[in-house]
There are 2 protein chains.
Amino acid sequence: RANNRNEATVDTGHPITMREKTLTMATLNPQVKAVEYAVRGPIVIKAGDIERGLQEGVKQPFTEVIKANIGDAHAMGQQPITFVRQVVALCCFPELMDSPAFPDDAKQRAQRILQDCGGHSLGSYSASQGVECVRRDIADYIAQRDQGVPADWNNIYLTTGASDGIMSILKLLVSGQGRSRTGVMIPIPQYPLYSAAISELEAVHINYYLDEANCWALDIEELQRAYMTAKHHCQPRVLCIINPGNPTGQVQSKKCIEEVLHFAYEENLFVMADEVYQDNVYSPDSQFHSFKKVLYEMGPEYFSNVELASFHSTSKGYTGECGFRGGYMEVLNMDPQVKAQLVKLLSVRLCPPVSGQAAMDVIVNPPQRHEPSYAQFTKEKRAVLDALAHKARLTEEILNSVPGMTCNPVQGAMYAFPQIFIPPRAIQEAQSLSMAPDMLYCLKLLEETGICVVPGSGFGQREGTYHFRMTILPNPEKLKVLLEKLKEFHLRFLEEYSQQEPQTNRNAQDQHSEMSKKPD
Amino acid sequence: RANNRNEATVDTGHPITMREKTLTMATLNPQVKAVEYAVRGPIVIKAGDIERGLQEGVKQPFTEVIKANIGDAHAMGQQPITFVRQVVALCCFPELMDSPAFPDDAKQRAQRILQDCGGHSLGSYSASQGVECVRRDIADYIAQRDQGVPADWNNIYLTTGASDGIMSILKLLVSGQGRSRTGVMIPIPQYPLYSAAISELEAVHINYYLDEANCWALDIEELQRAYMTAKHHCQPRVLCIINPGNPTGQVQSKKCIEEVLHFAYEENLFVMADEVYQDNVYSPDSQFHSFKKVLYEMGPEYFSNVELASFHSTSKGYTGECGFRGGYMEVLNMDPQVKAQLVKLLSVRLCPPVSGQAAMDVIVNPPQRHEPSYAQFTKEKRAVLDALAHKARLTEEILNSVPGMTCNPVQGAMYAFPQIFIPPRAIQEAQSLSMAPDMLYCLKLLEETGICVVPGSGFGQREGTYHFRMTILPNPEKLKVLLEKLKEFHLRFLEEYSQQEPQTNRNAQDQHSEMSKKPD
């Protein structure tokens, strides 16, 4: 198209007044300012800068940035499950229904989903709660997963990834002012979506600490302590659990879940169970128990009363379909009038992405034994999960071989969260830079090796302890290299900061102020 | 899988205590309670109930429910644009790159998008702002659309539909308490996402009325009146404009946009320009002018200062891909620190659906004249837009032929918003039912004809006037039937409520209380 702009209207001859902006850091919504999200925080932004530099020829002591900061399986080379993609492609472009290249079971799944879409098109809005047959399939999946515990598709809501569902439920629950303001109990360490959402909604953070000495188990006495302390300054109304744990990788025992649910029942807490890693259990001694199933087994008094929302996602498991932003939540015992309010709230955003709903459908309704895609599907699924189990063991073993580093077993999920010893001198240097000590550690790790992990301070940790979160997603060869480089870096770091004199001259006057504060 | 549940654990012998819930209407977040969204409100829920009834054999005076409540093109039978679906299907299932059934230009588009995805997979998270090449394509599109006005891809953010972008920007802008609380200027009538977002964020609604007598033009004096009035009780900081208008269908003139931007400049308002209907202009006398282009033409003093966000979407235009939840925003003159805060806020939700980003890419980067898909693409695009233009005229003509109904020209967008005369007796009946008079009208229309439209009260309207919004999306045959049925209904309604005695006995004692209130 021709540029028919009249340049004369642009009066470049006059100096332009730059006026004060309407939207500045001073006028920005303080709730937005309060939000923190380390998984894509400063370290990751820095990693992106370094990566661009590498592409432009900047010399670094490494040739690539390895992003072990986020559970993004495909970005680390994991292949999509063929059947999932076949069904979504068929839904996208139904002319492929005639193609002999696609198996019949994939075509049937796609046809079934399109049947329930407006105008039989993925391009229509779905109902705010999601496509009906997808909700029905999810309910069937849950009933089967939980060995027969009934599931009602009317309690299922499709979401834009699990994050969206968690945000929607939290939004309902926040009310009151001052001492009656809603308090939300979250594990520490936690996935920072929770703290971000609580900040954004101006709810009260209630931290309960997972027991690192006991494989990050959830200790009921600690839950009680946190609750009783919080009661003085807020109204604890919500209890969040992440199982399998993120960033901590533990799989909670059935007994522990029973205790948590009993506690929630006694204290009238709304339970939010983040179960997005339900398919990611690697330890032969661990088993996934859904909060819903355990609640059912505790008897109808519990099953009919405890308000529970459970979240799942297409992004994790063996599919790793993060980009589709698919997910669902099952909501139990919600007041019917509140449910209507939830639907109203969801309807403002119209619907979750329908392609993500289609992907979710395949995950809960995979090929059955008699269907043509069963063998390939099963093989692909097995391969992903076996590789993850192998990498979980590998990571734990190598990390535990590093002096000054201890790592709990990665029983499930996709992360290791080792504790690292940081020498007092490094702590002091970090503090002089107004930086968390593990941030300094991760920054140096990135700068020296190209490895990008997230500091433990972004997830929360007991004071005086330091950690980082890394994913176990790189392929075994790359993971081994990564772990060896990490080991070398750590030893170098320990040596550097154990010398008598500081390496840098920054803020030398403060150098002894924090020496007494030792990590435990 | 066998049902191996131990039924004995379910102690059905004891009566279950139903305890008071944690989450009730009394404890629900009051900001959620305050949200209203008529486009999927009570009328639409009722329409769904009637539809299910019909399927189950319930007798009605009609055989189908026609949902003219929402701009959901595919649900009304509009066909997807082949090229869009080919590219997205190729991105989903790259094995199709080898298929001769797909044209080369579609394959090149898909390859280009995948090249910029982590692991070359649509299943990876993208950067929080979106896939880089998609952002670059959008910037190129904008520069071309605006006849050479420069566009920087760093100012482009992909979104989960336009709604998500609008919500994110509003979230940044809300601050202060009492008289310093952010006020948001919105047109009346408006698309109710705006009022819903303002309620949810507890900002202050500032209504400026569009001029119905002048084709729903935006009158600058009315803008000033609304601003001056609001200044007494809040801090007006944001000005929202919808152009082409929803629900009102007008296309603003360049002169009007200049005045609005001048006003925003003078009063230091952040401008939010909802331009999702930029491709939907039907009237030969109307032309779409982007706020950005007009701002540029006003000179660098304006172009370098006015803070402006413009929103676009995959859901409207000629593609109607609502289900993909694709969209973008371009943000001008935002403070760099605030931009970093915006990125942080977006990163908590990780990324918009990547399939929606792919669809957005095709829309801004369609086949070029020399490419194999050009002819089919152009034909399909033309067919959709011509049909919409025809239906816009048809709707306006028939509605204006109904006594007691007047409809402005549908210059653009996808809706007619006729004013309807509601007889005083009907108003009185509605009020005795605590119902807006146009809600009563739309409810009766639905019950008697199966036609689902949204009452004007859901969008806002001058007091004493009544409207409804209907889409022009049904195919011409169905649309004609719909309009004829609507006409018959309206005449029946007028007759019914013009009789001397009320048809119902409800609240007969109030029957004269509102007789003096006449619509104008």
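Read-outs: derived from the displayed coordinates by stated rules, not from any lab. As the structure is a prediction and not an experimental result, all values here were calculated from the model. Cβ atoms come from the backbone with ideal geometry, glycine included; neighbour counts cover every protein chain shown.
Can you check how the C-alpha radius of gyration of segment B:136-216 compares to 2.2 N^0.38 Å, as a plain ratio?
Compared with the compact-globule rule of thumb, segment B:136-216 sits at 1.39.
How far is B:ASP104 from the same spot in each other copy, in nm, shortest first, if each label point sits 7 Å from Cα toward Cβ?
Nearest to farthest, the other copies are at 3.8 nm.
How high is the relative contact order of chain A, in percent, with contacts defined as C-alpha pairs under 8 Å that are six or more residues apart?
20 percent
Tell me, in nm to one decimal, what length is gained between A:HIS233 and A:ASP98 on full extension, where the rule is 0.36 nm per residue of separation less the Cα-Cα distance?
Roughly 42.2 nm would be gained on extension.
Filter the trypsin sites (Lys or Arg not before Pro) in segment B:51-141 down to the DSSP loop ones having no more than 10 other Cβ atoms within 10 Å, then list what survives.
B:LYS59
State the Cα centre-to-centre distance between segment B:16-50 and segment A:88-106 in whole Å.
39 Å
What Kirkwood hydrodynamic radius, in Å, does segment B:104-364 give when the mean of 1/r is taken over all pairs of distinct Cα atoms and then inverted?
Computed over segment B:104-364, the radius equals 18.8 Å.
Run the label-point distances for A:ASN268 please: 7 Å along Cα to Cβ, every other copy, nanometres, shortest first.
List, nearest first: 4.7 nm.
What Kirkwood hydrodynamic radius, in Å, does segment A:251-328 give when the mean of 1/r is taken over all pairs of distinct Cα atoms and then inverted?
Taking every pair of different Cα atoms in segment A:251-328, averaging 1/r and inverting gives 13.5 Å.
If you average the alpha carbon positions of segment B:164-225 and of segment B:337-416, how far apart do those two centres end up, in angstrom?
23 Å
Please report the Cα spread of chain A along all three principal axes, rounded to whole Å, starting with the longest.
The principal-axis extents, from largest down, are 73, 71, 51 Å.
Taking just the C-alpha trace of the protein assembly as shown, give me its Rg and Dmax in Å.
Final numbers for Rg and Dmax: 29.4, 101 Å.
Suppose R0 equals 51 Å; then what is the FRET efficiency for A:VAL481 and B:VAL58 from their Cβ-Cβ distance, rounded to the nearest 0.05?
So, using R0 = 51 Å, E works out to roughly 0.15.
At a Förster radius of 51 Å, what calculated FRET efficiency corresponds to the Cβ-Cβ distance of A:LYS444 and B:ASP152, to the nearest 0.05?
According to the calculation, E is roughly 0.90.
For labels at B:LYS379 and A:GLU397 in the simple 7 Å Cα→Cβ model, what's the distance in nm?
Going from the B:LYS379 label point to the A:GLU397 one covers 6.3 nm.
Which whole-number percent gives the relative contact order of segment A:104-364, counting Cα pairs below 8 Å spaced six or more residues apart?
Dividing the mean separation by the residue count of segment A:104-364 yields 24 percent.
Give the residue from B:HIS312, B:THR17, B:MET405 lying farthest towards the positive end of the charge dipole for chain B; charges sit on Cβ (+1 for Lys and Arg, -1 for Asp and Glu) and the dipole is referred to the Cα centre.
B:THR17
Calculate the dipole size of the protein assembly as shown relative to its Cα centre from +1 charges on Lys and Arg beta carbons and -1 charges on Asp and Glu beta carbons; express the result in debye to the nearest 20.
For this selection, approximately 100 debye.
Could you grab the Rg to Rh ratio for segment A:272-431? Cα atoms only, Kirkwood for Rh.
1.07
Please quote Rg/Rh for segment A:73-118 to two decimal places, taking the Kirkwood radius as Rh and restricting both calculations to Cα atoms.
1.06
Within 10 Å, at most 16 other Cβ atoms, and a DSSP state outside H, G, I, E, B define an exposed site. Report the longest part of chain B free of exposed GluC sites (Glu not before Pro).
B:203-462
Strictly over 18 Å apart at the Cα level, which of A:LYS231/A:LYS255; A:LYS46/B:LYS171; A:LYS171/B:LYS171; B:LYS46/B:LYS67 would you flag in this model?
A:LYS231/A:LYS255; A:LYS46/B:LYS171
Using a label point 7 Å beyond Cα on the Cα-Cβ vector, give me the inter-copy distances for A:THR24 in nanometres, one decimal, shortest first.
Between copies, matching label points for A:THR24 lie 4.8 nm apart.
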